[in-house]
Amino acid sequence: MFKKQLTLLASVLALLFITLGGCKSKYEKLKASNDYAKKYQEAIKYYNQKDYNKALGLFDVLVERYRGRAEAEDLFYYYAFTNYKLKDYTAARYHFKTFADTYPSSTRAEECRFFSAYCYYLDSPIYSLDQDNTLKAIEALQLFINLYPKSDRVTEASKLIQNLRDKLETKAYANAKLYLTISDYQSAVISFNNALRDYPDTKYAEEMEYLTVKAQYLYADHSREDKQEERYTQAITYADQFNEKYPNSKYGHETKDFAKESKRGIQSAKHILADALNNYKVAQKIAAKDTVKTQAPSEKNQEQKIPY
């Protein structure tokens with residue numbers, strides 16, 4: 001009885017395997033076959049039919065097989081664009097660049113060089129995240145312009161570069177404002193100045209120059225009395241420069257107030273320091289203070305700090 005059951009089970013399993021084997025799709029059979037010419041033909045057909053997943057499955061098998069052969073140029077071109085169509089921009093940009101480097105004389109080299117850079121552009125994240133791909137996209141697009149200065153795509157590449165620079169500009173502006181928000185006034189002043197230096201034509205220029213005045217005033221206001229005169233004086237300088245450059249600014253009233261308060265702060269600091277010369281307890285109290293009452297500056301800006 002037991003032997004009959006085993007025989008029956010074996011028969012059922014065998015039938016199941018046969019059935020499953022027979023159920024393999026035409027695509028799966030092709031992928032498992034050794035008919036590479038047929039695979040190549042069908043991969044192109046799938047690509048043209050916009051069935052990119054099936055095309056990629058066949059191209060993955062074919063790329064090594066055809067490396068170094070005459071058909072490889074077409075194959076690698078389609079392979080790169082298949083990854084692009086599937087929005088795998090990391091793989092696509094690699095294959096586009098490899099194509100351009102491998103076939104520099106090809107009529108498709110220019111196109112692939114552009115799309116390699118464009119994939120970096122598509123992978124550039126929102127401004128608040130790390131901008132490594134943004135910088136790489138700018139570099140790659142500029143290289144494309146340098147290599148193909150007469151290309152019809154130069155205008156588009158230039159616009160893409162400007163979009164990326166706008167993103168970096170916005171990040172610099174947001175980072176500087178963040179320092180001000182968290183009361184790291186010294187880092188805010190440095191960051192605003194750096195952003196204005198790096199992006200002199202920024203749309204945020206007027207606001208950032210106003211915020212520089214504000215940050216410098218607050219930096220001075222939170223400083224120890226023996227440091228205040230120098231720091232208030234710098235706030236007055238920033239305020240004067242701002243009001244001269246933007247005489248009709250909506251921030252004009254506030255910057256003038258910062259200048260007035262800075263002058264009062266200088267006089268107040270001088271009185272306190274004069275008192276300290278004759279009052280040991282006052283001098284001790286001043287000496288015991290930190291040079292500035294703000295959060296610790298970031299390591300990134302440490303080397304650029306205004307000397308204490």
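Since every read-out is calculated from the coordinates, none of them should be taken as a lab result. What you are looking at is a predicted structure, and each value in this text was computed from that prediction instead of being measured. For neighbour counting, all protein chains shown are included, and Cβ atoms are generated from backbone atoms with ideal geometry for every residue, glycine included.
With label points built 7 Å along Cα→Cβ from the Cα atoms of Thr155 and His271, find their separation and express it in nm.
6.7
Given Phe144, Asn163, Leu75, which one lies farthest toward the positive end of the charge dipole of the stretch 27-169, if we put +1 on the Cβ of every Lys and Arg and -1 on the Cβ of every Asp and Glu?
Final value for the positive-end residue is Leu75.
So between Ser183 and Thr90, what do we pick up on full extension, going 0.36 nm a residue minus the alpha carbon distance?
Separation in residues times 0.36 nm, less the Cα-Cα distance, equals 29.6 nm.
Taking the highest mean first, how do the peptides 237-249, 258-270, 74-86 order by number of other beta carbon atoms within 10 angstrom per residue? Mind showing how you got there, number by number?
Numbers: 237-249: 15.4, 258-270: 17.5, 74-86: 20.5.
Most protected by this proxy first, the peptides run 74-86, 258-270, 237-249.
For Ser223, what residues show an amide H to amide H distance below 5 Å, using hydrogens built from the backbone and excluding near sequence neighbours?
Answer set, sorted by chain and number: Lys293.
At R0 = 25 Å, how high is the FRET efficiency between Gln49 and Ala70 if r is their beta carbon distance? Nearest 0.05 is fine.
Details: r = 25 Å, r/R0 = 0.99.
Here the calculated transfer efficiency is 0.50.
Under 13 Å between alpha carbons, and skipping anything fewer than 8 positions from Lys136 in its own chain: which aspartates and glutamates qualify?
Asp123
In percent, how large is the relative contact order of the stretch 79-177, given Cα pairs closer than 8 Å and 6 or more residues apart?
Relative CO of the stretch 79-177 lands at 20 percent.
Report, in debye and to the nearest 20, how large the dipole of the stretch 27-169 comes out about its Cα centre when Lys and Arg carry +1 and Asp and Glu carry -1 on their Cβ.
Roughly 340 debye, rounded to the nearest 20.
My understanding is that a pair violates if its Cα-Cα distance is over 25 Å; which of Lys54/Lys159; Lys171/Lys227; Lys203/Lys256; Lys227/Lys263 do that in this structure?
Lys54/Lys159; Lys171/Lys227
Could you tell me the center-to-center distance, by alpha carbons, between the stretch 213-232 and the stretch 143-198 in angstrom?
If you average the Cα positions of each part, the centres end up 29 Å apart.
Under a crude label model (7 Å from the Cα following the beta-carbon direction), how far is Ser106 from Lys203 in nanometres?
Distance between label points: 3.9 nm.
Considering only DSSP states other than H, G, I, E and B, which trypsin sites (Lys or Arg not before Pro) in the stretch 198-229 qualify as loop sites with at most 13 other Cβ atoms within 10 Å?
Loop-located and lightly packed - Lys203.
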